[in-house]
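Report on the following structure.
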2 protein chains.
Amino acid sequence: MSEQTSTVLPKGVTASEFNTAVEKFRALLGDDNVLVRNDQLTPYKKVMMPRDAAENAPSAAVTATTVEQVQGVVRICNEHKIPVWTISTGNNFGYGSAAPVERGQVVLDLKKMNRIISVDAELGTALVEPGVTYQQLYDYLEENDIPLMLSFSAPSAIAGPLGNTMDRGVGYTPYGEHFLMQCGMEVVLANGDVYRTGMGSVEGDNAWQVFKWGYGPTLDGMFTQANYGICTKMGFWLMPRPPVTKPFEIKFEDETDIADIVEFIRPLRLAQVIPNSVVIAGTLWEAATCDTRRVHYTTEPGATPDEILKQIQKDKDLGAWNVYACLYGTPEQVEVNFNIVKGALKQLGKGKLVTEEEAGGTQPFDYRAKLMTGVPNLQEFGLYNWRGGGGSMWFAPVSQARGSECDKQYALAKDILNKHGLDYVGEFIVGWRDMHHVIDVLYDRSNDEERKRAEACFNELLDEFEKRGYAVYRVNTQFQDRVAQSYGSTKRRLEHTLKRALDPNNILAPGKSGIDLNNDF
Amino acid sequence: MSEQTSTVLPKGVTASEFNTAVEKFRALLGDDNVLVRNDQLTPYKKVMMPRDAAENAPSAAVTATTVEQVQGVVRICNEHKIPVWTISTGNNFGYGSAAPVERGQVVLDLKKMNRIISVDAELGTALVEPGVTYQQLYDYLEENDIPLMLSFSAPSAIAGPLGNTMDRGVGYTPYGEHFLMQCGMEVVLANGDVYRTGMGSVEGDNAWQVFKWGYGPTLDGMFTQANYGICTKMGFWLMPRPPVTKPFEIKFEDETDIADIVEFIRPLRLAQVIPNSVVIAGTLWEAATCDTRRVHYTTEPGATPDEILKQIQKDKDLGAWNVYACLYGTPEQVEVNFNIVKGALKQLGKGKLVTEEEAGGTQPFDYRAKLMTGVPNLQEFGLYNWRGGGGSMWFAPVSQARGSECDKQYALAKDILNKHGLDYVGEFIVGWRDMHHVIDVLYDRSNDEERKRAEACFNELLDEFEKRGYAVYRVNTQFQDRVAQSYGSTKRRLEHTLKRALDPNNILAPGKSGIDLNNDF
C-alpha cells in the first residue's frame, strides 16, 4: 500500500481518511484512473510560477469519463472533505498548468471526456466535453467538410474550448471574446445535481446552443473563473468560414507609437471595419515566438538594453509594435474594408502595411495569419525560449482601448520589469472597447535568484498597477488570492456567501480566484 | 391615519407592523415619496394580464432617489419582512407593467433616479440610473452632438435601458441583444451591500464600462430576470452612428413563406451581411401598429377569418410576412452588402424588396426604420387598439433560427390562438442563431368571457409549446411561476439555494421568475 500512496495529503485530512477516499475512487473509476504515486503525478506538478512546486503538489489525480463518474467523485469528496481541482486539457500554461491551486488537492482530470457531442453546420454551433482540444475540433471540421471557423488562444492545438472559455480566455478572430460566444453549459454541482444553463433544462429542447440566456437568472458567468461547479459540457458559437480571409500586418517603428496605434484602431474596430480581435504585439513577443533567443544577443544578466531591442527589431524586420488584423467576407466586402483601412492609415501618416502576399509565408506573419483564420499551431511556445529556464507568468491588466491609457500601461510595465532585470514581452489584444494587455513575465525558473526577482517583480506589477486603478482579468494560481484583493471586500463577501450556499464542504477547487471557505469572508 | 393607510397588506404582515414600516419609510424618504392611499397607488395597479388586478395590488409605493435610500428601504424591509417589488421606469407593458408579482408587495419606484452618469463618445459607452428613459438618452445624445446610436425595444420613448436590459429585452439594431451589450452593474444586495460587477469594484478603475467580465465569477447574469439584488446603475455599449443607414423591407405574400424566409435570412445574419436584429412581422402586427382596428372589418366575435387577413394585407399593402432589416456603414460598405442581399433574394425567387425611398415615409416602414436606426417612437402601441379593451400578454417562445422550426411554431401558435377565438399577432426577431418568436396575445380585458378565454389560451400555448420542447424567454408576472416549471426542478432548486443565501428574509421581489422562499425548493 505504501508505494501506492501519495506522500502529499489534502489540508486537514488524515492519511487513513485519504486512503479510504482513494479506495472509493478506485472502486468508482478503476485502478488505472486513480493516480497516487509520485512518478504518476509528475504531469500534475509542473508549474511555471516562481513558488516552490511543492506548494502545488496534488495528493492524487483521478480521471473521470462520464458525468455520472464526476458526480461520484464529488460525492466521495463530500464524504471525506477532500478538495478537488478540476482540469480539462490541463494546458493552462502560465496560469498554473495542470497543478492545483493548493497543495494536497486531488486533481480531477477530464481529458478523457473528449466527445464532440454535436456541431451544427447551418446554425454555427458546437457542444463539446472538457477534454476536446481545438486541434481535435479542427480535424473534425476538416474531415466532415464543415464550413465553420474556430477561434482559439495561441496554444490552440493542445488547449480546448471548454477550459479556455471557463477561464475566460480570448482568441484572435471576430469571435475572439470566447465567453461572449459561449452558449449553454452543463455543470455538476457540489450537491451532485447536474444543472444545465440557458435552454438546456427544458425537456426536448433544441435551442440550448442557440439562445444564451434561458429564463430567470442567467448563471453561466457564475461558473467561469470560479469554483461553484464542474463544467461537463459547453456549447459555443462558430463563425461561418467566409469566402475570403485577408490577414494583414502594420508595423510601427517606435515604441512611443502605441498611443497613436490604439487611437487609429479603435474607430475601425468599433465600426467593425476590422472585425477581429486585433493584436498589437511588441518586438520581443514577435521575435521570441520565432526562435530569437536572448543568448543570441547577450549573455549579460538583467533587462535587455534598448539598443539590443532595436537591433533585434532591425535584424528580424519587426516593428516596435506589430499590428495584426484580418478582414473576412466576399471579395467585394474585403476590398471595400481594406480601402477604408488604407485610407485611415494614410491619414495617420505612419505604419508600414504588409499583406499576406508581401509576407510570403514568413514568420511571424504566418502563425499570426493562422491564429486569425482558425488554423491551430504551436508557434507561440517559442516565447519560453527567450530566456529559457521554464519561468512564465502572464500579467494581464485590463485597459480602456484608448491611446493614452495603453501608453501609460506600457511605460509602467516596462519600467517595473526592467527594474527587476526582466523584459517587456507583451501584446495588446481584443480592442473593441477594452484592451487585454497581456505581458509574459519570462524568467529562468532554475535560477533561484532570478526566480525571486520575478516574484518580486510580479508583486510590484500588481501593486503599482492597482494603485493606478488597473486590475488584471486573469492570473496564475499563485496570485489568485492577491488579485481577488484588488477587487475589494464586498465582492469577496458575496462570492464567499455563494460558496457557502453551493459548496458548504468547500470541496470544489478551494482557492480558485481567491474563493475558499478557509478565508474569513 | 386610516385614510393614509392602504387597505392591502403584504402577505403575513400585520397592519401594525406594516404601519411601523411605513413610518420608517416616511422618515427615510419624506412623506411625498411614500404612497399608501388607494388613489395614489392607481398607477401601480394597472395590468394587462387576465387575472384580477387585485391580485397584483401593492400595499404601498415608495420612491428612492439615491443608492443610500435604496439601502435604507432594504434595511426597513428586512426589519419588518416586507417584500419589495422594484421598478425602474415602470413601463414593462405586457409583462406586468408597474404592478408587483404578488399582492401586498411594496413597490420601490426608481424613476426619479434618472441621472445619465456618463456617456463616452469615443469608447461608445454609457452608465445610467434606473429611471433614465431611452428618449431622455436620445435627447442627451442629440443635444450634445454625440455620434452614438441607441438600441431599444419598441416602447422606446418611455422605457429605459436599465429596466429593459435587466429583463433581457431586445431591440432592432446590431446591438439588439441588449444584455450582450451590457457592461457593468451596481447592485444593492439584500444585506445592504453595494456590489459592483466587472471592473467596478477596483478602486480608481476606469474600465467598468469597457470590460464586461472582471475577475472571478461574473455575476451580472445572476441579477437579470431575478430577485437577488436591486440594480442601481448599469453600463452598456452604444454603436457609433454610421455615415449611412439603409433600412429596407422585404414583403412575402404567403404565410407559408416563413420557412423560406428564415433560411434566406440566417446565412446573411450569420455572415453579418445583415448586422441588425431582423424582424419578420406578420400581417396583423404591422396593420395594428398602424391604426387598423378589427372593428373596421368585422364585429363578429372570435378569431379573425383568414379572408379578412388577406383583405387587410391587400388594403394596407402588407406581406403575410414583412421582413425589416438595415445596413450600416460607409456608402461603399452599404452598397456591397445591399448587392449581396439582392443577389440572395433573386436566388430565393420570391419576396418584394422595398427601399426607404420607395416607402416614401409611409407606415409601417417609417416606424420600423426608426427602430432600426435608434430614433424613439411609440407607434407600436397601436397594437393595443386591434381588439381594444386593454388585454395584452406577450407569448415569447425561443426558436432555432431554422425555417422548419419557425414554421412549426407559427402554425402551432396560430392554431391555439384561433381555437380560443384570438388572433395571431406576432413577429420573429433577432435571428442570429435563435429567433425570439414574440406573439402579442391581445384580448378585451373588460369582457369577462374573453378574459377567461385569453387565460385558457395562454395556458394552452405554454403547455403545447412545452410538450414540443419550446419554452419562453420572458413572461408576464401572472405566469412567471408556471414558466419556471418548464425549466425543470434542478434549476429551481439552485435558484432557491441562491435566494436563501442572498436574501434569507425573502424580501426582494419574491415570486419574480418563480423564485420565492415560500415555494418548497
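The values are calculated or read from the model by the stated rules, or taken from the named source; none is laboratory data. Values in this document were obtained by computation on a predicted structure and should not be read as measured data. Here the Cβ positions follow ideal geometry from the backbone for every residue, glycine too, while neighbour counts run over all protein chains shown.
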Those residues that are in contact with a helix residue (DSSP H, G or I) (Cβ under 8 Å, 6 or more places away or on another chain) and assigned to a helix (DSSP H, G or I), I need them from the stretch A:415-452; list them, please. A:ILE416, A:LEU417, A:LYS419
Extreme residue, nearest to the chain's Cα centre (by Cα), among residues of the stretch B:471-521 that are outside any helix (DSSP H, G or I) and hydroxyl-bearing (Ser, Thr, Tyr): B:TYR473
Tell me, please, whether a residue that is of a type outside the set (D, E, K, R) and at the interface with chain A (Cβ under 7 Å from one of its Cβ atoms) can be found in the stretch B:268-276. yes
Can you name every residue in the stretch A:337-385 that is among the small types (Gly, Ala, Ser) and either in the same structural domain as A:TYR172 (by TED's automatic domain parsing) or without any contact (Cβ under 8 Å) to a residue 12 or more places away in the chain (or both)? A:GLY343, A:GLY349, A:GLY360, A:GLY361
Considering only the stretch B:441-459, I want to know if a residue exists there that is under 16 Å from the mean Cα position of the chain (by Cα), touching a residue at least 40 places away in the same chain (Cβ under 8 Å) and crowded, with 24+ Cβ neighbours inside 10 Å. yes
When the stretch B:384-405 is checked residue by residue, the ones that are more than 14 Å from every other protein chain (Cβ to nearest Cβ) and in contact with a Lys or Arg (Cβ under 8 Å, 6 or more places away or on another chain) are B:ASN385, B:TRP386, B:ARG387, B:GLY388, B:GLY389, B:GLY390, B:GLY391
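Let's see how each residue does on (1) closer than 30 Å to A:TYR443 by Cβ; (2) within 14 Å of another protein chain (Cβ to nearest Cβ); (3) not hydroxyl-bearing (Ser, Thr, Tyr):
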{"position": "A:GLU300", "(1), (2), (3)": "yes, no, yes"}
{"position": "A:ALA320", "(1), (2), (3)": "yes, no, yes"}
{"position": "A:GLU335", "(1), (2), (3)": "no, yes, yes"}
{"position": "A:ALA344", "(1), (2), (3)": "no, yes, yes"}
{"position": "A:LYS352", "(1), (2), (3)": "no, no, yes"}
Any pair with Cβ under 7 angstrom, 6 or more apart, that starts in the stretch B:494-507 at a residue that is on the phi < 0 side of the Ramachandran plot and without any contact (Cβ under 8 Å) to a residue 40 or more places away in the chain and ends at one that is surrounded by fewer than 20 Cβ atoms within 10 Å (Cβ to Cβ) and among the basic types (Lys, Arg): B:ALA501/A:ARG500
Which of the following residues is touching a His at 6+ places or on another chain (Cβ under 9 Å) and either aromatic (Phe, Trp, Tyr) or assigned by TED's automatic domain parsing to the domain that holds A:ARG266 (or both): A:TYR424, A:TYR470, A:TYR487? A:TYR470
Out of the residues in the stretch B:121-140 that are assigned to a loop (DSSP other than H, G, I, E, B) and within 14 Å of chain A (Cβ to nearest Cβ), which is surrounded by the most Cβ atoms within 10 Å (Cβ to Cβ)? B:GLY124
Is one or more of the residues making up the stretch A:200-220 aromatic (Phe, Trp, Tyr), touching a residue at least 40 places away in the same chain (Cβ under 8 Å), at negative phi and buried (at least 22 other Cβ atoms within 10 Å of the Cβ)? yes
Filter pass, B:ARG269 being touching a strand residue (DSSP E or B) at 6+ places or on another chain (Cβ under 8 Å) and among the basic types (Lys, Arg): yes
Looking at the stretch B:462-482 only, could you name the residues that are free of Cβ contacts under 8 Å to residues at least 40 places away in the same chain, within 11 Å of chain A (Cβ to nearest Cβ) and more than 17 Å from B:ASN56 (Cβ to Cβ)? B:GLU466, B:LYS467, B:GLY469
Just checking: which of the helices (runs of 4 or more DSSP H) contained wholly in the stretch B:276-388 hold 3 or more residues that are surrounded by 15 or more Cβ atoms within 10 Å (Cβ to Cβ)? B:283-289, B:306-315, B:331-348, B:365-372
Does the stretch B:49-66 hold any residues that are surrounded by fewer than 20 Cβ atoms within 10 Å (Cβ to Cβ), touching a residue at least 40 places away in the same chain (Cβ under 8 Å) and closer than 22 Å to B:ASN92 by Cβ, and which are they? B:ARG51, B:ALA53, B:ALA54, B:GLU55, B:THR65
So which residues in the stretch B:453-470 are assigned to a helix (DSSP H, G or I) and small (Gly, Ala, Ser)? B:ALA454, B:ALA456
I'd like the full set of residues that are without any contact (Cβ under 8 Å) to a residue 12 or more places away in the chain and not hydroxyl-bearing (Ser, Thr, Tyr), limited to the stretch B:4-31. B:ALA15, B:GLU23, B:ARG26, B:ALA27, B:GLY30, B:ASP31
Take A:GLU286 and tell me if it is of a type in the set (D, E, K, R), away from chain B (no Cβ under 11 Å) and touching a Phe, Trp or Tyr at 6+ places or on another chain (Cβ under 9 Å). no
Can you name every residue in the stretch B:242-264 that is crowded, with 20+ Cβ neighbours inside 10 Å, part of a helix (DSSP H, G or I) and not aliphatic (A, V, I, L, M)? B:GLU255, B:ASP257, B:PHE264
Could you say which residue among B:GLY94, B:GLY104, B:GLY72 is free of Cβ contacts under 8 Å to residues at least 60 places away in the same chain and not polar (S, T, N, Q)? B:GLY72
Could you tell me whether the stretch B:159-179 includes any residue that is over 22 Å from A:GLY198 (Cβ atoms) and aliphatic (A, V, I, L, M)? yes
Specify which of the listed residues (B:LYS408, B:LYS419, B:LYS414, B:LYS452) is within 23 Å of B:GLN480 (Cβ to Cβ) and not hydrophobic (A, V, I, L, M, F, W, C). B:LYS452
Please return the ranges of helices (runs of 4 or more DSSP H) entirely within the stretch B:1-81 where 1 or more residues are hydroxyl-bearing (Ser, Thr, Tyr). B:15-29
